[in-house]
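Let me begin by presenting the structure, written as structure tokens, before commenting on it.
The values are calculated or read from the model by the stated rules, or taken from the named source; none is laboratory data. For clarity, every value in this text was computed on a predicted model and none was experimentally measured. Neighbour counts are summed over all protein chains in view; Cβ atoms, including those assigned to glycine, are modelled from backbone coordinates with ideal geometry.
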């Protein structure tokens, strides 16, 4: 009996240890990839039928317990898909000697610099998940094309110098990668093909690519010391800190301008509706 208890306790301790290691691997990307991609996937699964009434797998916003449970299940499936595809990328990004040197300065809490996982063990897990992710996507979840694209983009980013040699190329890869995560999560949440929604999906994806491409260098701002030691050519290191900050501020200002314009126009319509109470006024509003 005591032996059984010790075995269970040892298994739980090991599970807790390795679960925390996985959490540390993806912690930096949880708020930038996992959560936004899951939210994008489930909310667009709710909205899909509004764009195309015949889309497969579209959800209705929860109005009953069964709707709520189905949405929770789809959201968890989308989140799991994102994690399965993110973990091997994170390992590949963090396991090299240059990555270790960078993380010792920028993110010393990560599992590789802390010694929680060895290079050999991490590499084995990465290869297993790179094989498993597209198989899982094809057989169970959806997002097969996105999974394959993420493998290719991850290798380009981490192994072929995509993240190190040119800041523009780095931003392009980031934009494409984020878009693959978001659209893949949406496909999983829909249970069908995101590209069947041709009237609007391409615009969504192009908007995501543009937003990430123009602002992702924000993540490089606090990492300049480690990136410099690694020899990575990021926007703040190549163009300078001040110029890099302007490359972030200007696109955000321009995108906010459109929000301001729409809010002003909406306010004008609202005020006219309240102030001009006549047939003529209503027509002009």
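Looking across 48, 75, one residue alone is modelled with pLDDT under 85 and either surrounded by 14 or more Cβ atoms within 10 Å (Cβ to Cβ) or within 30 Å of residue 107 (Cβ to Cβ) (or both). It is 48.
This table checks each residue for (1) closer than 13 Å to residue 217 by Cβ; (2) part of a helix (DSSP H, G or I); (3) at pLDDT below 90; (4) under 17 Å from the mean Cα position of the chain (by Cα).
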position	(1), (2), (3), (4)
156	no, yes, no, no
161	no, no, yes, no
168	yes, yes, yes, no
175	yes, yes, no, yes
188	no, yes, no, yes
192	no, no, yes, no
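Go through the residues of region 196-206 one by one and say whether even a single one is at pLDDT below 75 and crowded, with 18+ Cβ neighbours inside 10 Å. Among the residues of region 196-206, at least one is at pLDDT below 75 and crowded, with 18+ Cβ neighbours inside 10 Å, which makes the answer yes. Just one of the numbered conditions (1) at pLDDT below 75; (2) more than 30 Å from residue 73 (Cβ to Cβ); (3) crowded, with 18+ Cβ neighbours inside 10 Å is not true of residue 229: (3). Scanning region 104-130 for residues that are exposed (fewer than 13 other Cβ atoms within 10 Å of the Cβ), out of contact with any helix residue (DSSP H, G or I) (no Cβ under 9 Å at 6 or more places or on another chain) and outside any loop (DSSP other than H, G, I, E, B) turns up 120, 124.
Considering the conditions (1) touching a helix residue (DSSP H, G or I) at 6+ places or on another chain (Cβ under 7 Å); (2) at pLDDT 90 or above; (3) within 27 Å of residue 116 (Cα to Cα), residue 40 is excluded by exactly one of them, (3). Looking across region 57-103, the residues that are under 21 Å from residue 120 (Cβ atoms), without any contact (Cβ under 8 Å) to a residue 40 or more places away in the chain and assigned to a helix (DSSP H, G or I) come down to 97, 100.
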